[in-house]
Amino acid sequence: MKSIVHILRRSHFIMALVLLGLGTVLGTLRAQNQPPKDQPIQEPPPLYLDTNQPIDKRVEDLLGRMTLEEKLSQIHGNSMFTTPAIPRLGVPVRWLTDGPQGVREDVGPFDWRTAGHTDDYATYMPALCSLASTWNLDLATAFGNVLGQESRKRGKDIILGPIADITRTPLCGRVYEYFGEDPFLNARMSVNYIRGVQTNDVAACIKHFAGNNQELGRSTVNMDMDERTLREIYLPPFEAAIKEAGVWTVMGAYTKFRGEHCAYSDYLINKILKGELGFQGLVMSDWGGTYTTREAVLGGLDLEMGTLIPGTEKELPYDEYYLANPFLEGIRKGDYPVSLLDDKVRCNLRVMFGTHVFDQRKPGSINTPTNQATALRVAEESIVLLKNQDNLLPLNASQIQSLAVIGENATRHHATGLFGAGVKTMHEITPLDGIVQRAGTNLNITYSAGYRSRGGSNLIERAVAAAKQADVAIVVAGFNHSRNLDDEGWDRTNLHLPFGQGELIRQVIKANPRTVVVLISGPAIEMDPWLGKAPAVLQAGYPGMEGGTAIARVLFGDVNPSGKLTCTYPKQLMDSPAHALDTYPGTNGTLFYKEGLLVGYRWYDAKDIEPEFPFGFGLSYTTFEYSNLKLVPGQDTNGPVVTAEFEIANTGARAGAEVAELYIHQDHPSLPRPLKELKGFKKISLKPGEKKTVSIPLDQRAFAFYDPAKSGWVSETGDFKILVGSSSRDIRLQDSFRLAQTTIEK
Ligand code: BGC
């Protein structure tokens with residue numbers, strides 16, 4: 001123990017020296033830009049410090065000044081989340097940090113234990129499943145902006161988010177961190193999130209490229225999927241992130257793809273990512289996701305992080321990383337040309353220059369009221385109203401005297417205790433806190449746990465007694481980020497509510513038919529057999545530090561719910577594709593993606609299976625009417641091929657927001673296609689009685705499928721249906737469109 005403390009102290013001391021040295025060098029280098037008036041101009045500042053030079057020139061200049069050892073130091077970690085400084089050149093220590101829902105607390109340099117810092121608090125945002133269920137792209141930008149600002153303020157250079165893995169099975173332990181089952185929605189969310197992060201001189205990291213659709217066996221499982229499925233389902237968010245948002249970093253998945261580790265798969269990284277998609281930034285491994293030198297060197301990996309001693313959970317000494325001494329020895333022996341090392345360093349330096357590491361950087365800010373307000377806004381818009389029989393919701397505070405709030409999740413904090421996604425938050429408003437604050441002193445509120453994740457007796461009886469006495473009962477149920485219940489490294493074992501919560505809900509409803517169920521969880525949950533009896537159900541995701549306030553504001557009608565599901569909720573797990581085809585968790589180490597393109601709603605449509613709740617579903621306290629669909633052909637060759645224009649009116653008595661979803665269907669494709677594919681959406685706010693025109697443009701690619709025989713995206717001349725609706729199963733308007741030309745985009 002003593003020696004660990006000693007090492008930690010020593011490492012901090014060394015870090016301080018490095019920073020001090022760096023400060024002096026940078027100071028000197030900057031000072032060289034402005035020579036004192038009375039002295040002759042000495043050496044000109046190095047080109048790489050000249051902000052007027054293009055990035056590639058600066059990269060080449062700096063690269064040319066680096067020794068072999070200095071280059072090597074930049075392509076692997078020298079602590080859990082850093083690469084080292086090169087003081088003589090003014091290259092600073094580079095800090096990476098998790099994660100997708102807030103800047104993670106600092107961990108020690110050599111393991112996952114907390115660093116014990118007191119200045120590493122951050123805004124705990126809602127989880128990405130919640131962000132996606134807002135279907136609000138401005139909020140995705142604002143969300144990314146919070147992470148970017150806070151990373152900067154905490155001195156971080158790269159934040160490890162967003163996650164763009166597709167929700168293939170609802171059992172996956174990280175579904176709460178994912179944007180859901182649809183590639184288009186994933187792509188749109190990723191692009192805006194990344195833009196938000198990167199405007200702050202911080203690099204985003206889209207992960208995990210590509211696959212990682214389950215936690216069970218994630219570091220060994222080999223994905224076997226056809227080319228078209230890869231291109232149409234799993235790659236689009238990464239492609240959009242690179243081409244539209246200019247994402248600076250990509251993390252390789254733990255999983256294997258066609259036998260190669262994803263982080264250095266020649267096919268995925270060299271051919272597709274860096275070749276076809278033209279990615280210029282750096283590819284990093286997931287932590288502990290590098291296993292050999294040769295493949296990592298040749299397979300396009302640029303930054304190795306978190307490597308473990310094989311067969312253990314212990315960190316490998318940093319000099320022994322596969323891209324450290326073993327690579328150096330290989331270069332010295334002539335096994336690898338130095339140009340391979342240079343390429344990797346180039347990618348790393350490009351990210352540094354791209355995020356202004358050597359220039360004047362944005363200072364950032366953290367834990368600000370504005371950032372917390374963004375957390376609240378996202379939470380409010382993310383909550384999905386699944387059921388509202390007889391308009392039980394919103395609650396009218398003047399008509400009720402008492403509330404029974406039931407469930408461990410009503411008082412449980414979810415920010416910490418997670419693996420990579422945990423955040424040290426200044427506060428976390430629980431649902432009970434939020435309800436008590438909103439209700440004020442006029443309502444009599446009783447809290448009863450009803451169940452305990454650690455067990456307890458007579459809890460249901462007490463909850464039932466409380467529910468009986470109250471005008472309305474609110475059961476806050478769900479999962480809790482513990483093992484098998486929405487946590488990294490473990491999949492769920494089934495979709496039922498754990499700890500007897502199903503029975504609790506049933507009994508509470510029996511005692512008080514005016515019961516609202518609020519679910520805290522990633523998607524999806526099996527709700528049979530209690531759903532039929534529950535009059536009102538809200539899916540609240542993991543709503544972040546202001547979540548309790550958001551839930552209360554929805555319950556009492558201060559906020560009209562406008563979230564929509566990003567995943568299909570099956571009636572039973574076996575209805576969902578990976579399980580119906582018995583392809584989970586893989587056979588003899590291989591995961592056959594037998595469902596191919598039929599992920600999520602594409603499967604339910606093709607097989608005509610009635611889901612419990614369809615993709616894109618969500619109710620409101622008001623009603624919306626869709627009308628007047630017009631398909632306006634594009635005039636300009638660079639513009640949209642066609643624009644769908646239609647009207648939405650708020651026909652109820654409350655202001656609200658509706659997400660209009662646009663799907664396409666091709667009538668007679670030359671290759672089989674899903675019956676519906678999401679290709680556009682818009683969220684529109686409307687006052688009571690108000691009507692607005694909505695326009696959703698569709699470009700050529702919106703009509704295309706990937707044809708492996710042609711190695712390209714083919715949009716075929718022929719008839720398409722444009723379907724506009726309130727969910728994937730509630731199409732309100734449709735019209736036909738004839739695509740005039742066949743095109744192939746390589
Ligand atoms: C996760 C990554 C995370 C990394 C660093 C891994 O276990 O898969 O998403 O960024 O750890 O914490």
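The values are calculated or read from the model by the stated rules, or taken from the named source; none is laboratory data. Values in this document were obtained by computation on a predicted structure and should not be read as measured data. For neighbour counting, all protein chains shown are included, and Cβ atoms are generated from backbone atoms with ideal geometry for every residue, glycine included.
Considering each of Phe110, Phe184, Phe179 in turn, give the residue that is closer than 24 Å to Leu662 by Cα, surrounded by fewer than 24 Cβ atoms within 10 Å (Cβ to Cβ) and in contact with a strand residue (DSSP E or B) (Cβ under 8 Å, 6 or more places away or on another chain). Write out each step before concluding.
Values: Phe110 fails: closer than 24 Å to Leu662 by Cα; Phe179 fails: surrounded by fewer than 24 Cβ atoms within 10 Å (Cβ to Cβ).
Exactly one of Phe110, Phe184, Phe179 is closer than 24 Å to Leu662 by Cα, surrounded by fewer than 24 Cβ atoms within 10 Å (Cβ to Cβ) and in contact with a strand residue (DSSP E or B) (Cβ under 8 Å, 6 or more places away or on another chain), namely Phe184.
Does the range 318-327 contain any residue that is within 16 Å of the ligand (Cβ to nearest atom), farther than 24 Å from Asn186 by Cβ, buried (at least 24 other Cβ atoms within 10 Å of the Cβ) and among the aromatic types (Phe, Trp, Tyr)?
Taking every residue of the range 318-327 in turn, at least one turns out to be within 16 Å of the ligand (Cβ to nearest atom), farther than 24 Å from Asn186 by Cβ, buried (at least 24 other Cβ atoms within 10 Å of the Cβ) and among the aromatic types (Phe, Trp, Tyr).
Can you name every residue in the range 285-296 that is within 15 Å of the ligand (Cβ to nearest atom) and polar (S, T, N, Q)?
Ser285, Thr290
If I go through the range 477-532 residue by residue, how many of them are within 16 Å of the ligand (Cβ to nearest atom) and not in a loop (DSSP other than H, G, I, E, B)?
Looking only at that region, the number is 2.
Could you figure out which of (1) over 19 Å from Ile158 (Cβ atoms); (2) assigned to a strand (DSSP E or B) isn't true of Val283?
(1)
Taking strands (runs of 3 or more DSSP E) that fall entirely within the range 159-261, which contain at least 3 residues that are at pLDDT 95 or above and within 13 Å of the ligand (Cβ to nearest atom)?
Working: elements: 203-209, 222-224, 249-252.
Output list reads 203-209, 249-252.
Hey, among Gly275, Gly299, which residue is over 20 Å from Ala204 (Cα atoms), surrounded by 15 or more Cβ atoms within 10 Å (Cβ to Cβ), modelled with pLDDT of 95 or more and more than 16 Å from the ligand (Cβ to nearest atom)?
None of the others qualify; the one that does is Gly299.
I need a count of the residues in the range 400-415 that are outside any helix (DSSP H, G or I) and either in contact (Cβ under 8 Å) with a residue 60 or more places away in the chain or of a type in the set (Lys, Arg) (or both).
11
Of all residues in the range 695-733 being more than 24 Å from Asp636 (Cα to Cα) and polar (S, T, N, Q), which is farthest from the chain's Cα centre (by Cα)?
Per the criteria, the residue is Ser711.
Restricting to the range 375-414, count the residues that are at pLDDT below 95 and not polar (S, T, N, Q).
1
Glu315 versus (1) closer than 19 Å to Glu260 by Cβ; (2) of a type in the set (Asp, Glu); (3) touching a residue at least 60 places away in the same chain (Cβ under 8 Å): which is the lone unmet condition?
Only one criterion is unmet by Glu315, namely (1).
It is to be established whether one or more residues within the range 121-141 are farther than 29 Å from Ile520 by Cβ, modelled with pLDDT of 95 or more and in a loop (DSSP other than H, G, I, E, B).
No, every residue in the range 121-141 fails to be farther than 29 Å from Ile520 by Cβ, modelled with pLDDT of 95 or more and in a loop (DSSP other than H, G, I, E, B).
How about the range 1-92: which helices (runs of 4 or more DSSP H) wholly inside it have at least 3 residues that are at pLDDT 95 or above?
Here the list reads 55-65, 68-73.
With the structure loaded, tell me whether Thr368 is among the β-branched types (Val, Ile, Thr), within 16 Å of the ligand (Cβ to nearest atom) and surrounded by fewer than 23 Cβ atoms within 10 Å (Cβ to Cβ) or whether it fails that test. Explain how you work it out, then say what you get.
Working: among the β-branched types (Val, Ile, Thr): yes; within 16 Å of the ligand (Cβ to nearest atom): no; surrounded by fewer than 23 Cβ atoms within 10 Å (Cβ to Cβ): yes.
Judged against the criteria, Thr368 is not a match.
Looking for whichever is within 15 Å of the ligand (Cβ to nearest atom) and polar (S, T, N, Q) here; the options are Thr67, Thr82. Which one fits?
Criteria check complete, one pass: Thr82.
How about the range 390-429: which of its residues are hydrophobic (A, V, I, L, M, F, W, C), more than 9 Å from Tyr124 (Cβ to Cβ) and within 19 Å of the chain's Cα centre (by Cα)?
Passing the criteria: Leu418, Phe419, Ala421.
Applying the selection to the range 416-438, what residues are surrounded by fewer than 20 Cβ atoms within 10 Å (Cβ to Cβ), in contact (Cβ under 8 Å) with a residue 60 or more places away in the chain and farther than 30 Å from Arg154 by Cα?
Within the range 416-438, Gln437, Arg438 qualify.
Do any residues in the range 572-594 that are in a strand (DSSP E or B) and modelled with pLDDT of 95 or more have Cβ atoms under 9 Å from those of residues that are surrounded by 15 or more Cβ atoms within 10 Å (Cβ to Cβ) and among the acidic types (Asp, Glu), where the two are at least six apart or on different chains, and which pairs are they?
Qualifying pairs under 9 Å: Thr590/Asp224; Leu591/Asp224; Phe592/Asp224.
Which of the residues that make up the range 202-243 are in contact with a Phe, Trp or Tyr (Cβ under 8 Å, 6 or more places away or on another chain), small (Gly, Ala, Ser) and on the phi > 0 side of the Ramachandran plot?
Passing the criteria: only Gly211.
Of the conditions (1) free of Cβ contacts under 8 Å to residues at least 24 places away in the same chain; (2) part of a loop (DSSP other than H, G, I, E, B), Cys567 satisfies every one except a single condition; which number is it?
Failed condition: (1).
Does Leu282 satisfy the criteria of being of a type outside the set (Gly, Ala, Ser), away from the ligand (no atom under 12 Å from the Cβ) and surrounded by 17 or more Cβ atoms within 10 Å (Cβ to Cβ)?
yes
So, in the range 52-81, of the ones that are among the β-branched types (Val, Ile, Thr) and closer than 17 Å to Phe358 by Cβ, which residue ends up surrounded by the most Cβ atoms within 10 Å (Cβ to Cβ)?
Step by step, filter the range 52-81, then rank; the result is Val59.
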